[in-house]
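A.B. asks: Attaching a single structure in structure tokens format; questions to follow.
The values are calculated or read from the model by the stated rules, or taken from the named source; none is laboratory data. Not measured: the values here are computed from a predicted model. Cβ atoms come from the backbone with ideal geometry, glycine included; neighbour counts cover every protein chain shown.
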Amino acid sequence: MTALAKKEETVPALDVERIRRDFPILQERIRGKKLVYLDNAATTQKPLTVVYALQHYYAAENANIHRGVHLLSQQTTFAYERARGRVGQFLNAAESSEIVFVRGTTEGVNLVAQSYGRQHIKEGDEIVISQMEHHSNIVPWQVLCREKGALLKVVPINAEGEFLFDEYEKLLSERTKIVSVAHASNALGTINPVKEITALAHERGAVVLVDGAQGVPHMPVDVRDIDCDFYVFSGHKLFAPTGSGALYGKRDLLEAMPPWETGGGMIQRVSFEEDTTYADVPTRFEAGTPNIAGGIGLAAAIDYVNSIGRAEIAAYEDDVLRYATELLSEIDGVRLIGTAREKVGVLSFVMDAAHPHDIGTILDAEGVAVRAGHHCAQPLMNYYQVPATVRASLAFYNTHEEMDALAAGIRKVQEVFG
């Protein structure tokens, strides 16, 4: 019996065909071919429960929140705040007030950089990130460092795409104030040891932000176990609507942070004669009318993921990833980029025969949707000395048969380019 077969025996059984029926778009045909959707790291598809939650909100409950005494407003406020509670439970936050709704990971990182960062970073301070970060976890810190005269330091990776912990330890100093790292790389799939990263940063007196955009869709996340100070993620990568997401922050930190956007909803009292006072957390960080439907849809997505089981999802996706890795490793002329021992379901690769954009175009003609480009990780591409990669990224609705279709499409590329 092969090692792969032994692995399959231990994988919890998911009724994947039933799950796939929950996602209408997976029944679509692309260019006459059955859709094989492998661009989940960019955005995930939405189950019917999320679609119905949005439809019900707009058809039966639509109203603004926190501002009305009429029934619809009260019902919508309850649904929205219930969603905040669901996110808090999902991350194991101490209380729902530690959850700030944002449009996604990008806005969450910027909120922390502009509010906590501007308040605490001064000339000569240091911020530490890693070489594998998404642009959204690079540029906000670059801007802050430029503004404050601080230094941005970068933890290197090895050829496999793994975070070099020993080098990280060397970079930390008494000047380190913020450490901001991805839970998992969107371009490589590498899972970082965020609990250990956090513990070491705390020893040096720094706070830690974890970019969880690629963490929450693929594995259980417990922010209190990690002990990170901030954790951010995007709803649309978690089978929820676009424009939804959340920032977790320890309450004592949030309470000491000034608002970064101002306007309606985030105030306690506005006066021309006296200073304006701001609302308590988390409301002070949610100026204006929020994406109410997005928050409600996010709660529906979380309920759906919980119904399947996060540990079960992680085990199933790992099995599909291992199967696909073995398939692609057997194809001559294919080089995998990012071969860390601990990964979420991301396969990045290049081919000797063709540019990634040409590969993506041919795969699209076969009905296989992948991402080709730098994946908002240009410094990482520079490290590997490639302009771009092809990225096939998985979710729990993907199957071994779809990995076979991916491999067949890659062989089609070889036929075209010789």
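A.B. asks: Mind checking which pairs have a first residue in the range 27-49 that is over 28 Å from residue 376 (Cα atoms) and a second that is of a type in the set (Ser, Thr, Tyr), Cβ under 7 Å, 6 or more apart or different chains?
C.D. replies: 49/304
A.B. asks: Okay, moving on. Starting from residues that are charged (D, E, K, R) and modelled with pLDDT of 95 or more, keep the ones in the range 62-96 and report whichever is nearest to residue 228 (Cα to Cα). Walk me through it before giving the result.
C.D. replies: So in the range 62-96, the residues charged (D, E, K, R) come out as 67, 81-82, 84, 86, 95.
From what is left, the residues that are modelled with pLDDT of 95 or more are 81-82, 84, 86, 95.
On the way: 81: 23, 82: 24, 84: 19, 86: 19, 95: 15 Å.
Here the residue is 95.
A.B. asks: Going by the conditions given, is residue 127 in contact (Cβ under 8 Å) with a residue 60 or more places away in the chain and either more than 26 Å from residue 42 (Cβ to Cβ) or not charged (D, E, K, R) (or both)?
C.D. replies: Working: in contact (Cβ under 8 Å) with a residue 60 or more places away in the chain: no; either more than 26 Å from residue 42 (Cβ to Cβ) or not charged (D, E, K, R) (or both): yes.
In short, no.
A.B. asks: Right, here's the next one. Identify, please: which residue in the range 119-129 is outside any loop (DSSP other than H, G, I, E, B), touching a helix residue (DSSP H, G or I) at 6+ places or on another chain (Cβ under 9 Å) and of a type outside the set (A, V, I, L, M) and is, among those, surrounded by the fewest Cβ atoms within 10 Å (Cβ to Cβ)?
C.D. replies: First pass over the range 119-129, keeping only residues outside any loop (DSSP other than H, G, I, E, B): 119-120, 126-129.
Add one more test, that the residue is touching a helix residue (DSSP H, G or I) at 6+ places or on another chain (Cβ under 9 Å), and what stays is 119, 126-129.
Of the ones still in play, those that are also of a type outside the set (A, V, I, L, M) are 119, 126.
Working: 119: 11, 126: 21.
Filtering first and then ranking leaves 119.
A.B. asks: Condition first: in contact with a Gly (Cβ under 9 Å, 6 or more places away or on another chain), of a type outside the set (Ser, Thr, Tyr) and within 27 Å of residue 321 (Cβ to Cβ). Now tell me which residues in the range 170-191 satisfy that. Spell out how you get there, then give the answer.
C.D. replies: Filtering the range 170-191 down to residues in contact with a Gly (Cβ under 9 Å, 6 or more places away or on another chain) leaves 174-178, 182-185, 187-191.
Still in the list and also of a type outside the set (Ser, Thr, Tyr): 174-175, 177-178, 182-184, 187-189, 191.
Once the filter is applied, which keeps residues that are in contact with a Gly (Cβ under 9 Å, 6 or more places away or on another chain), of a type outside the set (Ser, Thr, Tyr) and within 27 Å of residue 321 (Cβ to Cβ), the range 170-191 yields 182, 183, 184, 187, 188, 189, 191.
A.B. asks: So which residues in the range 311-330 are surrounded by 15 or more Cβ atoms within 10 Å (Cβ to Cβ) and either aliphatic (A, V, I, L, M) or in the same structural domain as residue 161 (by TED's automatic domain parsing) (or both), if there are any at all?
C.D. replies: 313, 314, 315, 320, 321, 324, 327, 328
A.B. asks: Can you confirm whether the range 355-363 contains a residue that is more than 18 Å from the chain's Cα centre (by Cα), at pLDDT 95 or above, of a type in the set (Gly, Ala, Ser) and more than 24 Å from residue 27 (Cβ to Cβ)?
C.D. replies: Looking for residues that are more than 18 Å from the chain's Cα centre (by Cα), at pLDDT 95 or above, of a type in the set (Gly, Ala, Ser) and more than 24 Å from residue 27 (Cβ to Cβ), one finds none in the range 355-363, hence no.
A.B. asks: Hey, among 302, 308, 267, which residue is over 29 Å from residue 378 (Cβ atoms) and at pLDDT below 95? Break it down stepwise before answering.
C.D. replies: Numbers: 302 fails: at pLDDT below 95; 308 fails: at pLDDT below 95.
Going through 302, 308, 267 in turn, the sole match is 267.
A.B. asks: Please give the helices (runs of 4 or more DSSP H) falling wholly within the range 324-418 in which 2 or more residues are charged (D, E, K, R) and touching a residue at least 12 places away in the same chain (Cβ under 8 Å).
C.D. replies: Details: elements: 356-365, 378-384, 400-417.
Result: 356-365, 400-417.
A.B. asks: Further question on the same structure: Please go through the range 271-290 and pick out each residue that is in a loop (DSSP other than H, G, I, E, B), modelled with pLDDT of 95 or more and touching a helix residue (DSSP H, G or I) at 6+ places or on another chain (Cβ under 9 Å).
C.D. replies: Across the range 271-290, the qualifying residues are 281, 282, 290.
A.B. asks: Surrounded by fewer than 15 Cβ atoms within 10 Å (Cβ to Cβ), under 18 Å from residue 134 (Cα atoms) and more than 12 Å from the chain's Cα centre (by Cα): which single residue out of 203, 174, 160, 147 fits that description? Working first, answer last.
C.D. replies: On the way: 203 fails: under 18 Å from residue 134 (Cα atoms); 174 fails: under 18 Å from residue 134 (Cα atoms); 147 fails: under 18 Å from residue 134 (Cα atoms).
Unique residue meeting the criteria: 160.
A.B. asks: Could you list all residues from the range 91-120 that are small (Gly, Ala, Ser) and either out of contact with any strand residue (DSSP E or B) (no Cβ under 7 Å at 6 or more places or on another chain) or under 17 Å from residue 206 (Cβ atoms) (or both)? Outline the logic, then answer.
C.D. replies: Kept after step one, since they are small (Gly, Ala, Ser), are these residues of the range 91-120: 93-94, 96-97, 104, 108, 113, 115, 117.
Hits for the range 91-120 are 94, 96, 97, 113, 115, 117.
A.B. asks: If I go through the range 273-292 residue by residue, how many of them are among the charged types (D, E, K, R) and closer than 16 Å to residue 247 by Cα?
C.D. replies: 3
A.B. asks: While we're looking at this one, here's another question. Go through the range 331-350 and give me each residue that's crowded, with 20+ Cβ neighbours inside 10 Å and over 25 Å from the mean Cα position of the chain (by Cα).
C.D. replies: 334
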